[in-house]
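A short reminder: the numbers here are calculations on the coordinates, not readings from a lab. Worth saying up front: this structure is predicted, and the values here are computed from it rather than measured. Cβ: placed from backbone, ideal geometry, glycine included. Neighbour counts: every protein chain shown.
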Amino acid sequence: MKRFGWKRNRQQPNAAATGENEDAASPAAPVADHSADAAPPTEAPSAITDVDAAIAQEPAEREKKGWFSRLKSGLSRSTGALSDGVSGIFTKARLDRERLDELEDVLIQADLGVDVAMEITDALASERFDKEISPQEVREFLADHIAEILTPVAAPLIIERGRDAPFVILVVGVNGTGKTTTIGKLGNWLQGEGYKVMLGAGDTFRAAAIEQLQVWGERLNVPVIAREPGADAAGLAYDALEKACEAQADVLLIDTAGRLQNKAGLMDELRKIKRVLGKLDAEAPHAVLLVLDATTGQNAISQVEVFQEVAGITGLVMTKLDGTARGGILVAVARRFGLPIHAIGIGEGIEDLRPFDARQFAQALTGATAEE
Ligand SMILES: Nc1nc2c(ncn2[C@@H]2O[C@H](COP(=O)(O)OP(=O)(O)OP(=O)(O)O)[C@@H](O)[C@H]2O)c(=O)[nH]1
Ligand SMILES: [Mg+2]
């Protein structure tokens with residue numbers, strides 16, 4: 001059975017919440033076995049008519065299916081465009097130049113970007129040019145190719161074990177992408193893995209932003225280091241790390257204000273936050289997560305470009321894949337930047353964050369669904 005790496009381990013007592021987690025080396029590292037995910041999906045059990053068989057099915061497998069349907073429905077706009085586009089072009093037709101050009105347009109409209117669109121149509125041409133091909137075969141070809149692009153970047157977020165200082169995760173991105181919510185979800189997952197978590201309210205711009213993180217802190221029952229609204233964000237980050245060191249926290253998650261990538265002053269502030277953290281721990285922040293909103297489309301490319309340059313992104317999280325997502329952009333981002341994609345968010349709930357599964361995503365996006 002495929003293990004879904006981020007499943008919260010309910011067997012273990014929540015050591016962080018009970019204050020029993022003295023040993024930073026003990027938590028299991030969140031290593032998800034993505035090599036297994038890269039393999040073709042095992043055949044989906046065809047309609048389960050037998051209730052006992054349904055109950056006997058692994059809980060994780062059942063939960064994963066629920067997750068998959070939510071991902072599919074979130075991506076339905078992109079999938080519909082891709083799938084209908086493919087059906088419109090290929091009605092048991094021979095693959096010719098005209099159809100390849102039309103397919104290229106459909107892929108570009110689905111946000112996969114010109115490079116990926118050309119790459120895919122070239123690959124399809126070299127295999128099947130002048131041969132008859134059905135829409136379903138095209139969808140499967142797309143799914144395979146997209147999974148190939150995504151597999152190398154699907155990487156779980158790994159918290160180093162055995163550290164004697166907190167592992168600092170700085171969460172950045174443009175306004176409203178889901179940074180604060182992602183911190184809440186991530187904090188919950190890390191706690192479930194037994195890490196002692198602390199939060200830093202580095203979005204000092206708005207009182208509401210500080211309160212929002214404090215609410216997450218209460219839900220998780222973890223300390224939130226905050227200052228008054230308007231305080232210096234870098235100073236807050238410094239405070240938070242100092243306090244996390246004192247408290248012997250395993251992980252410090254630092255929230256930051258949403259900032260448009262073209263606002264130089266705000267981007268300088270991010271540099272300063274990084275610099276200041278480095279004064280306490282030369283390697284901090286150990287991870288810089290860029291949170292991307294799946295409904296944004298092409299602008300994600302420039303977001304990655306600028307935040308990468310300013311803050312040295314170490315990995316990506318894409319949120320809002322449950323809404324009117326434009327998931328194709330993740331393929332363009334993967335091809336262009338090769339940055340690890342750690343997780344995707346499919347909802348506002350505390351459990352609605354999962355590791356990124358390349359094949360599952362490719363299947364959901366293209367409508368070449370083997371899993372139901
Ligand atoms: N549907 C859905 N909504 C989400 C998801 N993640 C976050 N949201 C919602 O998106 C809105 C913005 O989320 P925040 O976490 O406040 O975003 P932020 O990036 O911290 O925003 P700023 O601090 O203002 O830049 C909130 O209403 C969240 O509940 C998701 O995966 N799916
Ligand atoms: Mg926020």
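One table, with the values for the structure above:
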quantity	calculated
Simple Cβ-charge dipole of segment 197-309, Lys/Arg +1 and Asp/Glu -1, about Cα centre, in debye nearest 20	200 debye
Cα-based shape type of segment 298-337, given that a ≥ b ≥ c are square roots of the gyration tensor eigenvalues and the cut on a/c is 1.5	prolate
Leading residue at positive end of dipole, segment 299-360 (Cβ point charges), from P340, G328, L353	G328
Point-charge dipole on Cβ atoms (K/R +1, D/E -1) for segment 227-372, about Cα centre, debye to 20	620 debye
Segment R271-S302, extension gain: residue separation times 0.36 nm, minus the distance between their alpha carbons	9.4 nm
Rg/Rh (Cα only; Kirkwood hydrodynamic radius) as it applies to segment 249-309	1.00
Calculated Rg and Dmax of segment 113-214 using C-alpha coordinates, Å	21.7, 63
Alpha-carbon Rg with Dmax, taken over segment 244-372, Å	16.3, 51
Where N is the number of residues in segment 199-278, Cα Rg divided by 2.2 N^0.38 Å	1.06
